[in-house]
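The values are calculated or read from the model by the stated rules, or taken from the named source; none is laboratory data. These numbers come from a predicted model, not from an experiment. Cβ sites come from the backbone with ideal geometry, for glycine too, and all protein chains shown count toward neighbours.
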Amino acid sequence: MNRDAPAAPPVAPPARDDPYRIRWLPVAAVGLVAASALLAGPPLIVFALTEVMIFALFATALNLLLSYSGMVSFGHAVYFGIAAYGVALSITRLGWPMWAGILAGPFVSAFFALVFGAFCVQLTAIYAAMLTLACSEVTFAVVFQWFELTRGESGISGHVPAMLGLAPGVYGLVVLAVTGASILALWRVVHSPLGLTIRAVGQNAARAAALGHSRRTVQLIAFVISGFFAGVAGTLFSVFHGNVFPDYLGTLITVNGLVMVLLGGLYNFSAGIYGAVLFKILDNLLAHYFQYWQLVIGLILMAVILVSPRGIGGAIQSLARRLPGGHR
Amino acid sequence: MRPAAGAPVLTVSALSKRFGSFLALERVDLSVRQGEVRAIIGPNGAGKSTLMNVLSGQLVPDSGSIVFAGQRLEGRPPYQLARRKVGRAFQISSTFRRMTIYENMLAAHNAAAGRWFSLHPGRLRNMRAAVMADLEEIGLAHLAEQVVEDVSHGDRKRLEFGMVLAGRPRLLLLDEPTAGMGLQERHALIDLVLRQVRERGVTLLFVEHDIDVVFRAADYITVMALGKVFAEGRPEQIAANVQVQEIYLGSR
């Protein structure tokens, strides 16, 4: 090579597909199908779909932690349920107008995520995960037992009309719009400079630190973002039913969220969506045929993890790659 | 002749680090000039890696000071040292293994650019040309779309070195940059390191077991033994030092 010649600009490999661009076509297709099902489908479908969308958002928010930030939350239902209490208490105790209470929900979650997260990021790996569990147990106990404030097991209802008094299909559209916008916002986070930073810290905290990133700060930011969107999901859920109970921040919701992400597949942005859909289908079908349907879900989860560790999402991706015209 | 080095830029004074009853570093003094290439050698357990880990903030020293370019560095966490332009590569190459080579370098540029908390994907898109140019420079442009898990050990070492360079360090700490590599790969990597370091006027401190590499690269050599500085000098002085031959070269 002639060293005196002006260096040719390095040729970038053809961008196989710009990973930072949202593929609007599938997004629009899914949105349209969901919208028409909500408007034209039977009530059973409308209710199921609304719930699926809410949990898809919850699981996607949780997945930001699991797949990207290198954290595990064993108590993420706290940020789901505390938003619902935020809505209820700001309306019933503080006398806020309904819309203000509803808007406050996710911010209450973000605040709790900031406080608890600040403790959790002091530790790493399993120790941090145990601390998320402890934070959630404490919160659950307080909500459950502080009867004067939360009315404990009886929960709070009547502060918002269920589904805002809208027709189920119309409330479904509201949920579609809010969860859709939220998931796109999370997509943007993951694919922004902040998202790259979160992924870097999640994959190798030592290397990220040697590049100048503080693990604690970056993980705390991810935790708060995840908590906020879990709170959006919790708010939608609580308005859907027009009530709130301690179970909204209980273990079952946390575990279901984790199962959804694992079913959908780690390291895949859409895991929460795939997982929530599949979980709901299994939930409905299995509960119909088997008394011990949760056992069956457990077995299916084991099978998925053993056969396709990257879950449904991973299977779909490798299938798409083999199809003619598939990228990669 | 090697280029003349400038004024002292790194001054380590009486640095000590103890693990339980084991004194890993005992009052280590070190003075390195601007633009110097300094090798640190010594038998296993001499404290070389501990010294590197203290210099890069992985470990907090029990006592002593580290002054680089007029700033006290001892006891600061690694991410703060990185922001003060201290770059570091690890003994076992440390990269983002589930990312592509391109994304790894992008992450390094993203970190170096400040504004890592930005939500604008466009910022990353705009880094493409610079990232590719850096990959070209370290000879990895053709592997840009490969996931790190799938490339060779040597390429990972190269990548890590390139990522550290992307932070425009003024002090570079390399812990066994050629460990585990074949002979040819090893010389190619050390030549790459030297070329980049000299071009950019970076001060380099490196730990190395391969004596050929050390004598080929270093302006100055520090020999450590039992947590102390045992001898210092130019390569020819170290080669002629009988005691060094006894404790280190002879015992190999």
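Yes or no, residue by residue, for (1) under 30 Å from A:Arg310 (Cα atoms); (2) away from chain A (no Cβ under 11 Å); (3) in contact (Cβ under 8 Å) with a residue 40 or more places away in the chain:
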{"position": "B:Leu59", "(1), (2), (3)": "no, yes, yes"}
{"position": "B:Phe68", "(1), (2), (3)": "no, yes, yes"}
{"position": "B:Gly75", "(1), (2), (3)": "no, yes, no"}
{"position": "B:Tyr79", "(1), (2), (3)": "no, no, no"}
{"position": "B:Thr100", "(1), (2), (3)": "yes, no, yes"}
{"position": "B:Gly114", "(1), (2), (3)": "no, no, no"}
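Quick check on segment B:130-150: of everything there that is facing chain A (nearest Cβ under 7 Å) and part of a helix (DSSP H, G or I), which residue is nearest to A:Val190 (Cα to Cα)? First the steps, then the outcome.
Narrowing segment B:130-150 to residues facing chain A (nearest Cβ under 7 Å): B:132-133, B:136, B:141, B:144-145.
Retained after the next criterion (residues that are part of a helix (DSSP H, G or I)): B:132-133, B:136, B:141.
Details: B:Met132: 22, B:Ala133: 25, B:Glu136: 27, B:Ala141: 25 Å.
Per the stated criteria, the residue is B:Met132.
Test A:Ala230 against the criterion of being without any contact (Cβ under 8 Å) to a residue 24 or more places away in the chain, crowded, with 24+ Cβ neighbours inside 10 Å and not aromatic (Phe, Trp, Tyr), and give yes or no. Quick ask: steps written out before the conclusion?
Values: without any contact (Cβ under 8 Å) to a residue 24 or more places away in the chain: no; crowded, with 24+ Cβ neighbours inside 10 Å: yes; not aromatic (Phe, Trp, Tyr): yes.
Criteria not met by A:Ala230.
In segment B:157-178, is there at least one residue being closer than 30 Å to B:Ile211 by Cβ, surrounded by fewer than 20 Cβ atoms within 10 Å (Cβ to Cβ) and more than 10 Å from chain A (Cβ to nearest Cβ)? For segment B:157-178, residues closer than 30 Å to B:Ile211 by Cβ, surrounded by fewer than 20 Cβ atoms within 10 Å (Cβ to Cβ) and more than 10 Å from chain A (Cβ to nearest Cβ): present.
Would you pick out the residues in segment A:66-86 that are under 17 Å from A:Tyr248 (Cβ atoms), among the hydrophobic types (A, V, I, L, M, F, W, C) and within 13 Å of the chain's Cα centre (by Cα)? If you could, list the steps in order and put the result at the bottom.
From segment A:66-86, those under 17 Å from A:Tyr248 (Cβ atoms) are A:73-86; that's our starting set.
Then drop every residue that is not among the hydrophobic types (A, V, I, L, M, F, W, C), which leaves A:74, A:77-78, A:80, A:82-84.
Passing the criteria: A:Ala77, A:Val78, A:Phe80.
A single member of B:Arg195, B:Arg234, B:Arg186 is more than 17 Å from B:Arg158 (Cα to Cα), basic (Lys, Arg) and not assigned by TED's automatic domain parsing to the domain that holds B:Arg156, and it is B:Arg234.
Assess whether B:Thr100 counts as being in the same structural domain as B:Leu204 (by TED's automatic domain parsing) and of a type in the set (Ser, Thr, Tyr). Give the derivation first.
Values: in the same structural domain as B:Leu204 (by TED's automatic domain parsing): no; of a type in the set (Ser, Thr, Tyr): yes.
Against the criterion (in the same structural domain as B:Leu204 (by TED's automatic domain parsing) and of a type in the set (Ser, Thr, Tyr)), B:Thr100 does not qualify.
Of the residues making up segment A:269-293, those that are surrounded by fewer than 16 Cβ atoms within 10 Å (Cβ to Cβ) and of a type outside the set (Val, Ile, Thr) are A:Asn284, A:Leu285, A:Ala287, A:His288, A:Tyr289, A:Phe290, A:Gln291, A:Tyr292.
From the list B:Gly139, B:Gly70, B:Gly64, exactly one residue is touching a Ser or Thr at 6+ places or on another chain (Cβ under 9 Å) and surrounded by fewer than 21 Cβ atoms within 10 Å (Cβ to Cβ). Which is it? Walk me through how you get there before you give the answer.
Working: B:Gly139 fails: touching a Ser or Thr at 6+ places or on another chain (Cβ under 9 Å); B:Gly70 fails: touching a Ser or Thr at 6+ places or on another chain (Cβ under 9 Å).
Unique residue meeting the criteria: B:Gly64.
Give me the helices (runs of 4 or more DSSP H) completely within segment A:155-226, filtered to those with at least 3 residues that are within 13 Å of chain B (Cβ to nearest Cβ) and buried (at least 23 other Cβ atoms within 10 Å of the Cβ), ordered by residue number.
Numbers: elements: A:168-190, A:193-203, A:205-210.
Once the helices (runs of 4 or more DSSP H) in segment A:155-226 are filtered for at least 3 residues that are within 13 Å of chain B (Cβ to nearest Cβ) and buried (at least 23 other Cβ atoms within 10 Å of the Cβ), what remains is A:193-203, A:205-210.
B:Asn110 falls short on exactly one of the conditions (1) out of contact with any helix residue (DSSP H, G or I) (no Cβ under 9 Å at 6 or more places or on another chain); (2) at the interface with chain A (Cβ under 7 Å from one of its Cβ atoms); (3) not basic (Lys, Arg), and that condition is (1). Here A:Thr254 meets the list (1) in contact (Cβ under 8 Å) with a residue 40 or more places away in the chain; (2) of a type in the set (S, T, N, Q); (3) surrounded by fewer than 20 Cβ atoms within 10 Å (Cβ to Cβ) almost entirely, failing just condition (3). Quick one: is A:Trp146 of a type outside the set (A, V, I, L, M), without any contact (Cβ under 8 Å) to a residue 12 or more places away in the chain and surrounded by fewer than 20 Cβ atoms within 10 Å (Cβ to Cβ)? So A:Trp146 fits the description; yes. Regarding segment B:61-72, can at least one residue be identified that is assigned to a loop (DSSP other than H, G, I, E, B) and either modelled with pLDDT of 95 or more or in contact with a His (Cβ under 6 Å, 6 or more places away or on another chain) (or both)? Yes, there is a match, as at least one residue in segment B:61-72 is assigned to a loop (DSSP other than H, G, I, E, B) and either modelled with pLDDT of 95 or more or in contact with a His (Cβ under 6 Å, 6 or more places away or on another chain) (or both).
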